[in-house]
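Please read the structure below before turning to the comments.
The values are calculated or read from the model by the stated rules, or taken from the named source; none is laboratory data. Please read these numbers as outputs of a predicted model, since none were measured by experiment. Every residue, glycine among them, receives a Cβ derived from its backbone with ideal geometry; neighbour counts consider all protein chains shown. Accessible surface areas use protein heavy atoms only, side chains included; no ligands, DNA or RNA. Shrake-Rupley method; radii C 1.70, N 1.55, O 1.52, S 1.80 Å.
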Amino acid sequence: MSDTNFLRAPLRVTTAGSVDDGKSTLIGRLLYDLDAVPIDQRQALERDMERKGRTIPDFALLTDGLLAEREQGITVDVAYRYFASTKRKFIIADVPGHEQYTRNMATGASRADAAVTLIDARRGVTVQTRRHLCISALLRVRTQIIAVNKMDLIGHDLRRFAAIRDEVADFSQRLGRPIPTAVPISALAGENVVHKSDQMQWYDGPPLLDLLDSAPGESFRLELPLRMPVQGVNRPQTTEHHDFRGYMGRIESGAMEVGQKISIYPAGLTTTITGIYVGSTQLQRADAPTSVTITVADELDVTRGDLIGDPANPPQVARKLAADLIWLDRAPLDLRRPYLIKHGARTHQAKVETLDHLLDITTLAEIEAEGQLATNEIGRVALRLGTDVSFDTYEANRATGALVMIDPATNATVAGGIIRGASA
Amino acid sequence: MNMNNVAPIPAQDLAFRSIESEAIHILRETAAEFRNAALLFSGGKDSAVIVHLASKAFWPSPIPFPLLHIDTEHNFPEVIAFRDDTAKRYGARLSVRSLEGSIERGTVVLGREDESRNPHQAVTLLEAIEEMKFDACIGGARRDEEKARAKERVFSVRNEFGQWEPRSQRPELWDLYNGRLSKGENMRVFPISNWTEADVWRYIAAENIHLPSLYFAHEREVVERSGVLVPITPLTPLKPREKPEMRSVRFRTVGDITCTCPVASTARTMDEILEEVIAARVSERGATRLDDQASDSAMEERKRAGYF
Ligand SMILES: Nc1nc2c(ncn2[C@@H]2O[C@H](COP(=O)(O)OP(=O)(O)O)[C@@H](O)[C@H]2O)c(=O)[nH]1
């Protein structure tokens with residue numbers, strides 16, 4: 001028994017690979033070896049083995065969910081899985097490998113602390129591998145792990161593994177990102193997944209699970225300046241709490257204390273915190289990622305969507321932004337039309353003023369836009385908003401540097417956006 | 001769930017704070033983005049947790065959502081008593097709409113009088129949504145419950161027939177939820193999507209959340225049918241030649257009497273339940289819901305038809 005595993009926030013992991021690289025097998029294997037498969041599902045696996053005369057369970061049965069995809073035999077949408085090791089809890093965004101679903105990769109990576117990219121040892125680095133590394137780089141996933149799978153099919157060959165590892169390292173450096181950790185595995189046989197393999201004595205690193213167990217989680221948020229988007233103003237106006245006026249929000253980064261000076265952006269008004277509440281419990285201090293309600297010393301005009309920040313480390317305020325948009329919708333970007341932008345707790349009117357260039361999704365190199373930004377493409381744009389926005393660059397702070405774009409005609413979420421900075 | 005090496009922990013720990021805060025964040029987004037959201041309250045443990053989270057999210061204001069109970073009238077009496085108590089304890093408005101109403105209107109037609117009413121709740125729910133003009137319904141579904149749920153969004157659009165369309169779900173990036181609806185559409189919101197069953201129990205223990213007595217071990221008259229313990233009630237009588245037994249049991253979910261079965265258990269206290277849940281080797285639904293066992297895809301079909 002140990003309780004340390006739940007002391008840490010869950011690690012959010014995204015996984016991707018091409019179809020048939022063995023992603024379903026890997027996740028099934030993880031669940032199986034961690035003893036996380038409930039008895040009824042374990043029995044279903046065994047029945048299936050008997051029926052098909054197999055000796056190793058079809059792990060994919062544990063993870064392939066929807067009817068539609070079962071009919072087609074492919075996973076088509078991000079699925080979330082939950083399990084725990086002895087060290088911590090994991091939330092896995094299981095991203096389907098099918099080419100046209102790059103948008104799912106972005107969905108998975110947007111929240112992830114760690115990314116596991118699967119590579120079939122026989123096929124080596126593919127376009128899909130590069131795409132995943134690029135999206136992880138763009139969305140600033142902190143920990144990048146490469147799992148070279150099906151080592152059993154290449155005779156556990158060190159040279160082949162090393163060649164793949166080096167190619168990925170080289171590519172990551174060109175993206176300006178740290179070199180990912182690579183681990184040789186066989187998902188099917190369970191080698192180097194949870195347990196170390198004795199087939200690969202030449203590999204002296206830890207198995208995949210240990211890499212995940214030791215990955216840094218969300219703790220870095222604590223080192224960033226205070227940011228809390230105001231989700232709403234709490235005014236009960238009851239006799240008991242007649243004058244209570246609280247601001248509700250989740251501390252996205254940094255910490256706050258009673259007595260601390262804060263500013264409210266974009267207006268930049270400064271005040272002092274007089275109370276911090278979680279439910280009815282009053283706290284002296286709170287930090288990310290706690291949802292709180294705070295009271296302040298002065299009567300200010302604060303509304304939903306304002307950003308509470310540290311006046312010593314303020315966010316930027318602008319009306320025009322440079323951003324990279326990951327286009328998700330079937331209909332391409334239309335420069336003539338108005339869009340909505342949700343950023344923090346505020347929805348802005350917006351127009352895309354210019355489409356400057358596209359980013360090659362397999363190299364992150366700039367390519368000419370030719371006026372089009374279509375599904376699964378990434379484009380650098382200049383956005384003009386209807387109101388001032390207070391933000392940080394995505395690089396500096398994910399929570400205040402990310403946005404989604406909504407088409408007001410269809411209400412579809414058409415793009416995810418990464419703020420690069422204020423635009424001229 | 002592998003929870004072998006997990007012990008109950010106090011609420012201030014980070015893993016807890018992270019999922020509690022996420023749920024509160026979602027509830028506050030819901031209050032802000034919708035004109036008239038309802039909190040679907042079944043009397044079960046997951047919805048009890050949501051009510052508790054909502055009261056924390058908006059304190060010192062009251063919960064801004066009415067509790068909506070779709071009553072199959074096949075409920076255990078303990079659940080109904082608990083429902084009414086809960087609304088009082090949290091000072092929440094309670095709206096109840098009954099499946100009988102739909103039967104009288106002729107919009108629900110039962111094949112057999114004693115069949116499970118769970119699948120029919122969808123009709124009554126849609127009627128309630130239309131009648132009371134709800135634009136969003138908050139539910140206690142979790143992604144770990146069942147394979148079909150693993151792909152569910154936190155803000156999940158239902159079309160005008162209440163259907164979930166897994167193929168055309170909106171992408172959901174970061175924590176930026178798109179709450180906009182087109183005419184006829186309705187939102188389902190799932191604040192505890194990322195919780196596991198063990199999280200729910202640990203949270204209930206840490207926050208002292210009240211639950212219906214059914215969740216705790218008690219003596220009950222049951223009969224064993226193909227490995228499942230079926231409670232003997234007027235709605236689920238003994239079949240010829242069956243012998244009832246008194247067993248110490250508890251329920252892991254609550255729902256229609258005709259399809260909700262207890263498990264053998266001696267866990268009478270919260271600590272004992274935690275221990276049992278942590279060692280649980282059978283998935284929650286597999287153990288207790290006869291209607292889901294019929295087919296692996298039953299949940300997904302039901303969801304397509306508008307329930308949740
Ligand atoms: N020999 C071998 N086969 C594997 C391994 N991992 C996966 N496979 C097989 O590769 C095929 C595709 O695997 P699957 O998990 O469905 O791939 P996905 O499309 O990435 O989810 C299946 O036939 C698996 O049994 C492995 O480590 N070794």
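Brief remarks follow.
- Total residues in the stretch B:122-137 satisfying the condition of being touching a Phe, Trp or Tyr at 6+ places or on another chain (Cβ under 7 Å) and crowded, with 21+ Cβ neighbours inside 10 Å: the figure is 3.
- Taken across the stretch A:130-144, residues that are away from chain B (no Cβ under 14 Å), within 16 Å of the ligand (Cβ to nearest atom) and within 28 Å of residue A:417 (Cβ to Cβ) do occur, with at least one present.
- Test: residue in the stretch A:14-22 that is crowded, with 20+ Cβ neighbours inside 10 Å, within 11 Å of chain B (Cβ to nearest Cβ) and at pLDDT 85 or above: no
- Residues (aliphatic (A, V, I, L, M), more than 14 Å from chain B (Cβ to nearest Cβ) and open to solvent by 20 Å² or more (accessible area, probe 1.4 Å)) located in the stretch A:371-424: A:374, A:396, A:422, A:424
- Flag for residue B:140 being in the same structural domain as residue B:47 (by TED's automatic domain parsing) and surrounded by 18 or more Cβ atoms within 10 Å (Cβ to Cβ): yes
- For the stretch A:9-28, a residue qualifies if it is part of a loop (DSSP other than H, G, I, E, B) and either over 17 Å from residue A:60 (Cα atoms) or not charged (D, E, K, R) (or both), and the qualifying residues are A:9, A:10, A:17, A:18, A:19, A:22.
- If you go through the stretch A:363-379 and keep only what is part of a loop (DSSP other than H, G, I, E, B), farther than 18 Å from residue A:104 by Cβ and of a type in the set (Asp, Glu), you end up with A:368, A:370.
- Which listed residue is closer than 30 Å to residue A:37 by Cβ, more than 9 Å from every other protein chain (Cβ to nearest Cβ) and buried (at least 21 other Cβ atoms within 10 Å of the Cβ), from B:202, B:188: B:188
- Within the stretch A:180-191, residues that are in contact (Cβ under 8 Å) with a residue 24 or more places away in the chain and closer than 10 Å to residue A:208 by Cα have Cβ atoms under 8 Å from residues that are near the ligand (Cβ under 8 Å from one of its atoms) and open to solvent by less than 10 Å² (accessible area, probe 1.4 Å) in these pairs: A:184/A:151; A:185/A:26; A:185/A:149; A:185/A:151; A:191/A:151; A:191/A:185, counting only partners at least 6 apart in sequence or on another chain.
- The residues of the stretch B:156-176 that are open to solvent by 10 Å² or more (accessible area, probe 1.4 Å) and more than 8 Å from chain A (Cβ to nearest Cβ), listed by number, are B:157, B:159, B:160, B:161, B:163, B:165, B:168.
- Looking only at the stretch A:183-230, and only at residues there that are away from the ligand (no atom under 16 Å from the Cβ), closer than 26 Å to residue A:160 by Cα and among the charged types (D, E, K, R), the one that is nearest to the other protein chains (Cβ to nearest Cβ): A:210
- One residue alone among A:118, A:66, A:62 is modelled with pLDDT under 90, within 11 Å of the ligand (Cβ to nearest atom) and aliphatic (A, V, I, L, M), and that residue is A:62.
- Every test in (1) touching a His at 6+ places or on another chain (Cβ under 7 Å); (2) of a type outside the set (Val, Ile, Thr); (3) crowded, with 21+ Cβ neighbours inside 10 Å is passed by residue A:368 save one, and that test is (3).
- Residue tally, condition open to solvent by 50 Å² or more (accessible area, probe 1.4 Å) and either in contact with a Cys (Cβ under 7 Å, 6 or more places away or on another chain) or within 22 Å of residue A:111 (Cβ to Cβ) (or both), over the stretch A:221-239: 2
- Output for the stretch A:306-354, where each listed residue is among the hydrophobic types (A, V, I, L, M, F, W, C), in a loop (DSSP other than H, G, I, E, B) and either assigned by TED's automatic domain parsing to the domain that holds residue A:268 or open to solvent by 40 Å² or more (accessible area, probe 1.4 Å) (or both): A:312, A:331, A:335
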